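Student: Take a look at the following structure, please.
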Amino acid sequence: MAGNSIGKEFIVTSFGESHGKIIGVIIDGCPAGLQLSEADIQPELDNRIPPQPKIVSARIEKDMVKILSGVFNGFTTGAPICLMVENKEADSSDYEKIKNQPRPGHADYTSWIKYGGFGDFRGGGRFSGRATVALIMAGAVAKKLLRKYDVDVLAYTKSIGNVKLERQVSNEEISKQRYENAVRCPDATLASKMETAILEARKEGDSLGGVIEVLAMNVPAGVGEPRFDGLDADLAKALLALPAVKGVEFGIGFKAAEKKGSENNDEFQVLKGEVKTLTNNAGGILGGISTGMPIIARVAIKPTPSIAKQQRTVNLPMMENDSLSVKGRHDPCIVPKAVPAVESAVAITLVDHMIRAGKMQKVLKKERR
(Lines give C-alpha, C1' and ligand atoms only; values in the text may rest on other atoms or scores of the structure.)
Protein backbone atom coordinates (compact mmCIF):
# COMPACT_ATOMS: atom_id res chain seq x y z
CA MET A 1 0.00 0.00 0.00
CA ALA A 2 1.99 2.93 -1.30
CA GLY A 3 -0.45 5.72 -0.46
CA ASN A 4 0.20 6.09 3.25
CA SER A 5 1.96 9.48 3.23
CA ILE A 6 0.80 13.04 2.63
CA GLY A 7 2.71 16.30 2.33
CA LYS A 8 5.94 17.45 0.68
CA GLU A 9 7.71 19.44 3.41
CA PHE A 10 5.69 18.37 6.47
CA ILE A 11 5.33 14.70 5.58
CA VAL A 12 2.93 12.54 7.55
CA THR A 13 3.04 8.73 7.20
CA SER A 14 0.48 6.63 9.04
CA PHE A 15 0.73 2.93 9.87
CA GLY A 16 -1.12 0.24 11.76
CA GLU A 17 -4.49 -1.54 11.48
CA SER A 18 -7.70 -1.39 13.47
CA HIS A 19 -7.08 -4.72 15.23
CA GLY A 20 -3.28 -4.79 14.98
CA LYS A 21 -0.95 -4.11 17.89
CA ILE A 22 -0.59 -0.36 17.39
CA ILE A 23 -1.66 2.68 15.41
CA GLY A 24 1.21 5.02 14.65
CA VAL A 25 2.41 7.96 12.63
CA ILE A 26 5.76 9.37 11.52
CA ILE A 27 6.13 13.11 10.97
CA ASP A 28 9.11 14.08 8.84
CA GLY A 29 9.87 17.76 8.39
CA CYS A 30 8.58 19.17 11.67
CA PRO A 31 10.54 22.34 12.45
CA ALA A 32 13.14 21.97 15.18
CA GLY A 33 12.65 23.85 18.43
CA LEU A 34 8.95 23.18 19.05
CA GLN A 35 8.27 22.40 22.69
CA LEU A 36 6.41 19.09 22.61
CA SER A 37 5.31 16.35 24.99
CA GLU A 38 2.60 13.70 25.22
CA ALA A 39 0.53 16.23 27.16
CA ASP A 40 0.24 18.34 23.99
CA ILE A 41 -1.15 15.43 22.00
CA GLN A 42 -3.33 13.54 24.49
CA PRO A 43 -6.19 16.09 24.67
CA GLU A 44 -6.70 15.82 20.91
CA LEU A 45 -6.99 12.03 21.18
CA ASP A 46 -9.36 12.39 24.12
CA ASN A 47 -11.63 14.58 21.98
CA ARG A 48 -12.07 11.73 19.50
CA ILE A 49 -14.35 9.68 21.77
CA PRO A 50 -17.65 11.37 22.71
CA PRO A 51 -18.69 10.93 26.36
CA GLN A 52 -22.13 9.51 25.47
CA PRO A 53 -21.67 5.71 25.16
CA LYS A 54 -25.06 5.16 23.52
CA ILE A 55 -24.09 6.96 20.31
CA VAL A 56 -20.64 5.43 19.82
CA SER A 57 -19.11 1.99 19.48
CA ALA A 58 -18.73 -0.05 22.66
CA ARG A 59 -15.03 -0.34 21.78
CA ILE A 60 -13.46 2.40 23.89
CA GLU A 61 -9.68 2.62 23.57
CA LYS A 62 -7.77 4.76 26.07
CA ASP A 63 -5.29 5.75 23.34
CA MET A 64 -2.42 6.85 25.57
CA VAL A 65 0.08 8.40 23.18
CA LYS A 66 3.80 7.65 23.31
CA ILE A 67 6.51 9.74 21.64
CA LEU A 68 9.20 7.34 20.41
CA SER A 69 11.56 9.67 18.52
CA GLY A 70 12.20 13.18 17.30
CA VAL A 71 11.91 14.92 20.69
CA PHE A 72 14.86 15.58 23.01
CA ASN A 73 14.84 17.55 26.25
CA GLY A 74 11.24 18.51 25.54
CA PHE A 75 11.85 20.04 22.09
CA THR A 76 11.56 18.72 18.55
CA THR A 77 14.98 18.06 17.03
CA GLY A 78 14.15 18.23 13.33
CA ALA A 79 14.43 14.43 13.07
CA PRO A 80 11.38 12.29 12.24
CA ILE A 81 8.85 12.16 15.08
CA CYS A 82 7.25 8.78 15.74
CA LEU A 83 4.00 8.69 17.74
CA MET A 84 1.94 5.63 18.62
CA VAL A 85 -0.94 4.23 20.66
CA GLU A 86 -1.72 0.62 21.47
CA ASN A 87 -4.84 -1.27 20.43
CA LYS A 88 -6.02 -3.00 23.60
CA GLU A 89 -9.79 -3.39 23.20
CA ALA A 90 -10.11 -5.12 19.81
CA ASP A 91 -12.42 -8.12 19.42
CA SER A 92 -12.00 -9.85 16.05
CA SER A 93 -14.41 -12.75 16.56
CA ASP A 94 -17.32 -11.21 14.62
CA TYR A 95 -15.08 -10.41 11.66
CA GLU A 96 -13.81 -13.97 11.37
CA LYS A 97 -17.38 -15.11 10.66
CA ILE A 98 -17.86 -12.75 7.69
CA LYS A 99 -14.32 -12.54 6.30
CA ASN A 100 -15.45 -13.94 2.93
CA GLN A 101 -18.56 -11.73 2.72
CA PRO A 102 -17.81 -8.12 1.78
CA ARG A 103 -19.89 -5.69 3.82
CA PRO A 104 -21.91 -3.32 1.61
CA GLY A 105 -20.53 0.20 1.79
CA HIS A 106 -17.12 -0.93 3.10
CA ALA A 107 -13.83 -1.38 1.27
CA ASP A 108 -13.87 -5.15 1.88
CA TYR A 109 -14.50 -6.05 -1.76
CA THR A 110 -12.19 -3.50 -3.34
CA SER A 111 -9.33 -4.33 -0.98
CA TRP A 112 -9.89 -8.07 -1.63
CA ILE A 113 -9.49 -7.42 -5.36
CA LYS A 114 -6.49 -5.09 -5.04
CA TYR A 115 -4.54 -7.14 -2.48
CA GLY A 116 -5.54 -10.64 -3.50
CA GLY A 117 -7.33 -11.44 -0.24
CA PHE A 118 -4.18 -10.91 1.88
CA GLY A 119 -5.41 -7.75 3.60
CA ASP A 120 -6.24 -7.60 7.31
CA PHE A 121 -10.04 -7.95 7.39
CA ARG A 122 -10.36 -7.46 11.17
CA GLY A 123 -12.26 -4.28 11.91
CA GLY A 124 -11.66 -3.02 8.39
CA GLY A 125 -7.86 -3.13 8.78
CA ARG A 126 -6.22 -0.08 7.22
CA PHE A 127 -9.58 1.17 5.98
CA SER A 128 -11.11 1.54 9.43
CA GLY A 129 -11.99 4.88 10.96
CA ARG A 130 -9.64 3.82 13.73
CA ALA A 131 -6.78 4.74 11.39
CA THR A 132 -7.66 8.42 11.88
CA VAL A 133 -6.00 8.17 15.30
CA ALA A 134 -2.68 8.50 13.47
CA LEU A 135 -3.85 11.65 11.74
CA ILE A 136 -5.13 13.16 14.99
CA MET A 137 -1.74 12.63 16.65
CA ALA A 138 0.03 14.36 13.76
CA GLY A 139 -2.68 17.00 13.72
CA ALA A 140 -1.98 17.85 17.36
CA VAL A 141 1.62 18.69 16.41
CA ALA A 142 0.47 20.65 13.37
CA LYS A 143 -2.06 22.64 15.41
CA LYS A 144 0.59 23.59 17.97
CA LEU A 145 2.83 24.82 15.16
CA LEU A 146 -0.03 26.83 13.64
CA ARG A 147 -0.86 28.50 16.94
CA LYS A 148 2.63 30.03 16.94
CA TYR A 149 1.53 31.90 13.82
CA ASP A 150 -1.94 32.72 15.24
CA VAL A 151 -3.62 30.26 12.87
CA ASP A 152 -6.54 28.41 14.42
CA VAL A 153 -8.48 25.46 12.97
CA LEU A 154 -12.01 24.71 14.19
CA ALA A 155 -14.41 22.02 13.03
CA TYR A 156 -17.91 21.21 14.22
CA THR A 157 -20.93 19.12 13.31
CA LYS A 158 -23.28 21.11 11.08
CA SER A 159 -25.83 18.36 10.45
CA ILE A 160 -26.64 14.76 11.24
CA GLY A 161 -29.23 13.13 9.03
CA ASN A 162 -31.98 15.69 8.50
CA VAL A 163 -31.18 17.65 11.68
CA LYS A 164 -29.31 20.75 10.52
CA LEU A 165 -27.73 23.75 12.20
CA GLU A 166 -29.08 26.55 10.01
CA ARG A 167 -28.04 29.60 12.02
CA GLN A 168 -24.64 31.28 11.87
CA VAL A 169 -22.48 30.35 14.84
CA SER A 170 -19.57 32.46 16.06
CA ASN A 171 -16.00 31.23 16.24
CA GLU A 172 -16.19 31.69 20.00
CA GLU A 173 -19.23 29.42 20.22
CA ILE A 174 -17.50 26.76 18.13
CA SER A 175 -14.30 26.96 20.14
CA LYS A 176 -15.98 26.76 23.54
CA GLN A 177 -18.98 24.53 22.93
CA ARG A 178 -18.30 21.99 20.18
CA TYR A 179 -16.80 19.42 22.57
CA GLU A 180 -19.36 20.06 25.31
CA ASN A 181 -21.75 17.45 23.89
CA ALA A 182 -21.52 14.04 22.29
CA VAL A 183 -22.25 15.11 18.70
CA ARG A 184 -19.74 18.00 18.57
CA CYS A 185 -22.36 20.63 17.67
CA PRO A 186 -21.95 24.12 19.20
CA ASP A 187 -25.73 24.53 19.55
CA ALA A 188 -26.95 22.59 22.62
CA THR A 189 -30.59 22.43 21.48
CA LEU A 190 -29.70 21.05 18.05
CA ALA A 191 -27.15 18.71 19.63
CA SER A 192 -29.91 17.07 21.67
CA LYS A 193 -32.02 16.57 18.55
CA MET A 194 -29.03 15.08 16.73
CA GLU A 195 -28.44 12.61 19.55
CA THR A 196 -32.11 11.57 19.43
CA ALA A 197 -31.90 11.00 15.66
CA ILE A 198 -28.80 8.81 16.08
CA LEU A 199 -30.45 6.71 18.81
CA GLU A 200 -33.58 6.24 16.70
CA ALA A 201 -31.50 5.03 13.75
CA ARG A 202 -29.64 2.65 16.05
CA LYS A 203 -32.92 1.15 17.31
CA GLU A 204 -33.85 0.45 13.69
CA GLY A 205 -30.53 -1.35 13.13
CA ASP A 206 -29.44 1.50 10.90
CA SER A 207 -27.05 4.47 10.91
CA LEU A 208 -26.75 8.14 9.96
CA GLY A 209 -24.25 10.44 8.27
CA GLY A 210 -23.87 14.19 8.34
CA VAL A 211 -21.88 17.30 7.46
CA ILE A 212 -18.87 18.80 9.25
CA GLU A 213 -17.84 22.41 8.69
CA VAL A 214 -14.23 23.43 9.25
CA LEU A 215 -12.73 26.91 9.46
CA ALA A 216 -9.11 28.06 9.44
CA MET A 217 -8.57 31.59 10.72
CA ASN A 218 -5.60 33.91 10.13
CA VAL A 219 -4.02 31.89 7.33
CA PRO A 220 -1.79 34.44 5.56
CA ALA A 221 -2.45 35.35 1.95
CA GLY A 222 -0.22 33.71 -0.64
CA VAL A 223 -0.24 30.10 0.59
CA GLY A 224 -0.72 27.41 -2.10
CA GLU A 225 1.13 25.93 -5.07
CA PRO A 226 -0.97 26.00 -8.26
CA ARG A 227 -1.72 24.27 -10.53
CA PHE A 228 -1.86 20.77 -9.12
CA ASP A 229 -0.81 21.55 -5.54
CA GLY A 230 -3.29 24.33 -5.00
CA LEU A 231 -4.25 24.82 -1.37
CA ASP A 232 -7.86 23.81 -1.93
CA ALA A 233 -6.78 20.83 -4.04
CA ASP A 234 -4.50 19.52 -1.31
CA LEU A 235 -7.04 20.22 1.44
CA ALA A 236 -9.63 18.29 -0.55
CA LYS A 237 -7.20 15.41 -0.99
CA ALA A 238 -6.46 15.24 2.73
CA LEU A 239 -10.15 15.43 3.64
CA LEU A 240 -11.26 12.88 1.05
CA ALA A 241 -8.63 10.49 2.40
CA LEU A 242 -10.57 10.31 5.67
CA PRO A 243 -12.77 7.21 5.90
CA ALA A 244 -16.44 7.83 5.00
CA VAL A 245 -15.90 11.28 3.43
CA LYS A 246 -17.89 11.49 0.19
CA GLY A 247 -17.71 15.17 -0.67
CA VAL A 248 -15.88 18.44 0.04
CA GLU A 249 -16.87 22.01 -0.84
CA PHE A 250 -15.26 25.39 -0.15
CA GLY A 251 -17.02 28.65 0.59
CA ILE A 252 -20.55 28.51 -0.79
CA GLY A 253 -19.50 25.46 -2.82
CA PHE A 254 -22.11 24.10 -5.22
CA LYS A 255 -24.40 27.05 -4.52
CA ALA A 256 -22.00 29.13 -6.65
CA ALA A 257 -23.40 27.33 -9.69
CA GLU A 258 -26.80 28.93 -9.01
CA LYS A 259 -25.51 32.51 -8.81
CA LYS A 260 -24.57 35.20 -11.27
CA GLY A 261 -20.99 36.40 -11.37
CA SER A 262 -21.99 39.66 -9.74
CA GLU A 263 -23.51 37.70 -6.85
CA ASN A 264 -20.68 35.21 -6.45
CA ASN A 265 -17.66 37.50 -6.78
CA ASP A 266 -16.03 38.64 -3.54
CA GLU A 267 -15.30 42.36 -4.01
CA PHE A 268 -12.08 43.77 -2.58
CA GLN A 269 -11.50 46.56 -0.07
CA VAL A 270 -8.60 47.99 1.91
CA LEU A 271 -9.21 47.52 5.63
CA LYS A 272 -6.66 48.63 8.23
CA GLY A 273 -3.90 48.58 5.64
CA GLU A 274 -4.74 45.09 4.34
CA VAL A 275 -6.65 43.87 1.31
CA LYS A 276 -9.81 42.03 2.37
CA THR A 277 -13.02 40.99 0.64
CA LEU A 278 -16.52 42.23 1.43
CA THR A 279 -17.85 38.65 1.28
CA ASN A 280 -16.18 35.25 1.42
CA ASN A 281 -18.05 33.10 -1.08
CA ALA A 282 -14.72 31.64 -2.24
CA GLY A 283 -14.00 30.29 1.23
CA GLY A 284 -10.63 32.00 1.55
CA ILE A 285 -8.97 30.50 -1.54
CA LEU A 286 -8.70 31.79 -5.14
CA GLY A 287 -6.70 30.05 -7.85
CA GLY A 288 -5.43 27.54 -5.30
CA ILE A 289 -3.89 30.34 -3.18
CA SER A 290 -5.10 31.66 0.18
CA THR A 291 -6.63 35.16 0.12
CA GLY A 292 -6.10 35.98 3.79
CA MET A 293 -9.80 35.55 4.53
CA PRO A 294 -10.98 32.62 6.69
CA ILE A 295 -10.78 29.27 4.91
CA ILE A 296 -14.17 27.58 5.07
CA ALA A 297 -14.93 24.03 3.94
CA ARG A 298 -17.67 21.48 4.47
CA VAL A 299 -17.26 17.72 4.46
CA ALA A 300 -20.02 15.20 3.76
CA ILE A 301 -19.77 12.03 5.87
CA LYS A 302 -21.71 8.96 4.75
CA PRO A 303 -23.72 6.79 7.19
CA THR A 304 -21.76 4.04 8.96
CA PRO A 305 -21.82 1.05 6.57
CA SER A 306 -21.77 -1.59 9.35
CA ILE A 307 -25.46 -1.96 10.25
CA ALA A 308 -27.56 -4.68 11.85
CA LYS A 309 -30.14 -4.71 9.06
CA GLN A 310 -30.01 -7.70 6.71
CA GLN A 311 -28.22 -6.84 3.46
CA ARG A 312 -27.41 -8.69 0.27
CA THR A 313 -23.78 -9.57 -0.44
CA VAL A 314 -21.71 -12.39 -1.95
CA ASN A 315 -19.44 -15.19 -0.82
CA LEU A 316 -16.19 -14.36 -2.60
CA PRO A 317 -14.41 -17.77 -2.56
CA MET A 318 -17.60 -19.57 -3.61
CA MET A 319 -18.75 -16.79 -5.99
CA GLU A 320 -22.31 -17.19 -4.76
CA ASN A 321 -24.97 -14.71 -3.69
CA ASP A 322 -25.35 -14.41 0.07
CA SER A 323 -26.67 -12.12 2.80
CA LEU A 324 -25.41 -10.82 6.13
CA SER A 325 -26.27 -8.76 9.17
CA VAL A 326 -23.21 -7.06 10.63
CA LYS A 327 -22.68 -7.90 14.30
CA GLY A 328 -20.16 -6.48 16.72
CA ARG A 329 -19.36 -3.01 18.05
CA HIS A 330 -20.03 -0.21 15.59
CA ASP A 331 -20.85 3.49 15.69
CA PRO A 332 -24.41 4.34 14.61
CA CYS A 333 -22.94 7.64 13.41
CA ILE A 334 -19.25 8.36 12.87
CA VAL A 335 -19.64 12.13 12.40
CA PRO A 336 -18.74 13.02 16.03
CA LYS A 337 -15.50 11.02 15.89
CA ALA A 338 -14.65 12.58 12.53
CA VAL A 339 -14.65 16.19 13.81
CA PRO A 340 -11.10 16.11 15.28
CA ALA A 341 -9.92 14.12 12.25
CA VAL A 342 -11.19 16.85 9.92
CA GLU A 343 -9.42 19.50 12.01
CA SER A 344 -6.22 17.46 11.85
CA ALA A 345 -6.34 16.93 8.08
CA VAL A 346 -6.69 20.67 7.56
CA ALA A 347 -3.98 21.57 10.09
CA ILE A 348 -1.47 19.12 8.58
CA THR A 349 -2.08 20.48 5.08
CA LEU A 350 -1.77 24.09 6.22
CA VAL A 351 1.56 23.46 7.95
CA ASP A 352 2.92 21.73 4.86
CA HIS A 353 1.88 24.62 2.62
CA MET A 354 3.00 27.36 4.99
CA ILE A 355 6.49 25.83 5.10
CA ARG A 356 6.51 25.55 1.30
CA ALA A 357 5.41 29.19 0.97
CA GLY A 358 8.09 30.40 3.38
CA LYS A 359 5.48 31.47 5.93
CA MET A 360 6.79 29.13 8.63
CA GLN A 361 10.38 28.77 9.84
CA LYS A 362 12.11 25.40 9.67
CA VAL A 363 13.88 26.16 12.95
CA LEU A 364 11.88 27.90 15.66
CA LYS A 365 14.68 30.03 17.03
CA LYS A 366 12.54 31.69 19.69
CA GLU A 367 11.95 28.27 21.24
CA ARG A 368 15.62 27.33 21.47
CA ARG A 369 17.45 27.42 24.81
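The values are calculated or read from the model by the stated rules, or taken from the named source; none is laboratory data. Not measured: the values here are computed from a predicted model. Methodologically, a virtual Cβ is constructed for each residue, glycine included, from the backbone with ideal geometry; neighbour enumeration extends over all protein chains shown. Areas reflect the complete protein model, heavy atoms only, side chains present, ligands, DNA and RNA absent. Shrake-Rupley method; radii C 1.70, N 1.55, O 1.52, S 1.80 Å.
Student: Based on alpha-carbon centroids, what's the gap between the range 51-100 and the range 291-351 in Å, whole number please?
Tutor: So the separation of the two Cα centres works out to 18 Å.
Student: While we're looking at this one, here's another question. Take peptides 335-344, 167-176, 249-258 and line them up by average Cβ neighbours within 10 Å, highest first, as a rough protection proxy. Each step should come with its number before you reach the end.
Tutor: Working: 335-344: 28.4, 167-176: 12.1, 249-258: 14.8.
Put in order of decreasing packing, that is 335-344, 249-258, 167-176.
Student: For a protection proxy built on the mean count of beta-carbon atoms within 10 angstrom, sort 297-306, 213-222 highest first, please. Could you put the intermediate results ahead of the total?
Tutor: On the way: 297-306: 22.1, 213-222: 19.0.
Per-residue Cβ counts within 10 Å, averaged per peptide and sorted highest first, yield 297-306, 213-222.
Student: Also: Given a 1.4 angstrom probe, I'd like the percentage of the accessible area of the range 39-83 that is carbon and sulfur, rounded to a whole number.
Tutor: Heavy-atom surface of the range 39-83 belonging to carbon and sulfur, 1.4 Å probe: 61 percent.
Student: Mind checking the dipole of the chain: about its Cα centre, +1 per Lys or Arg Cβ, -1 per Asp or Glu Cβ, Debye to the nearest 20?
Tutor: Values: 50 positive and 44 negative charges, 56 e Å.
With Lys and Arg at +1 and Asp and Glu at -1, about 260 debye.
Student: Using the scaling law 2.2 N^0.38 Å as the reference, what is the normalised Cα Rg of the range 43-90?
Tutor: Working: Rg = 14.4 Å, N = 48, 2.2 N^0.38 = 9.6 Å.
Ratio of Cα Rg to 2.2 N^0.38 Å: 1.50.
Student: Determine, from the Cβ-Cβ distance of Ala257 and Ile60 and an R0 of 45 Å, the FRET efficiency 1/(1 + (r/R0)^6), rounded to the nearest 0.05.
Tutor: On the way: r = 43 Å, r/R0 = 0.95.
Working from the Cβ atoms, E equals 0.55.
Student: Moving on. Cut-off under 14 Å on the C-alpha distance; same-chain residues fewer than 8 positions from Lys164 excluded. Which aspartates and glutamates are left, in chain and number order?
Tutor: Asp187, Glu195, Glu213
Student: Next question, about the same structure. Treating only the Cβ of Lys, Arg, Asp and Glu as charged (+1, +1, -1, -1), what charge dipole size does the range 110-243 show about its Cα centre? Round to the nearest 20 debye.
Tutor: Numbers: 19 positive and 17 negative charges, 85 e Å.
Using only the charged Cβ atoms, the result is roughly 400 debye.
Student: Right, here's the next one. Give me the one-decimal nm value for the distance between modelled label points at Lys327 and Lys164, 7 Å along each residue's Cα-to-Cβ direction.
Tutor: Distance between the two pseudo-spin positions: 4.0 nm.
Student: Putting +1 on Lys and Arg Cβ atoms and -1 on Asp and Glu Cβ atoms, find which of Ser262, Leu240, Ile289 reaches farthest to the positive end of the dipole of the range 226-304.
Tutor: Highest projection toward the positive end goes to Leu240.
Student: With a 1.4 Å probe and every protein chain kept in, tell me what percent of the accessible surface of the range 133-204 is carbon plus sulfur.
Tutor: Values: 1400 of 3260 Å².
Of all accessible area on the range 133-204, carbon and sulfur atoms account for 43 percent.
Student: I've got another one for you. Say the cut-off is 27 Å between C-alpha atoms; which of Lys203/Lys246; Lys21/Lys362; Lys148/Lys176; Lys21/Lys114; Lys193/Lys246 go over it? Show your work: numbers first, answer last.
Tutor: Numbers: Lys203/Lys246 25 Å; Lys21/Lys362 33 Å; Lys148/Lys176 20 Å; Lys21/Lys114 24 Å; Lys193/Lys246 24 Å.
The pairs that break the limit, which is 27 Å between Cα atoms, are Lys21/Lys362.
Student: Roughly how many Å² is the accessible area per residue of the range 143-195, as a whole number, for a 1.4 Å probe?
Tutor: Numbers: 2570 Å² over 53 residues.
Spelled out: the 1.4 Å probe surface of the range 143-195, per residue, equals 49 Å².
Student: Would you mind working out the accessible area per residue for the range 224-369, using a 1.4 Å probe, and quoting it in Å²? Walk me through the intermediate numbers first.
Tutor: Working: 7790 Å² over 146 residues.
Here the residues of the range 224-369 average 53 Å² of exposed surface.
Student: Something else now. Under a straight-distance cross-link criterion of Cα-Cα below 16 Å, which aspartates and glutamates are reachable from Lys309, leaving out those fewer than 8 residues away in the same chain?
Tutor: Cross-link targets: Asp94, Glu200, Glu204, Asp206, Asp322, Asp331.
Student: What does the helix-only formula give at 222 nm for the chain: each DSSP H stretch with n ≥ 4 adding -39500 (n - 2.57), the total divided by the residues, and the result rounded to the nearest 500 deg cm²/dmol?
Tutor: Values: 9 runs with 97 residues, N = 369.
Mean residue ellipticity at 222 nm (helix-derived): -8000 deg cm²/dmol.
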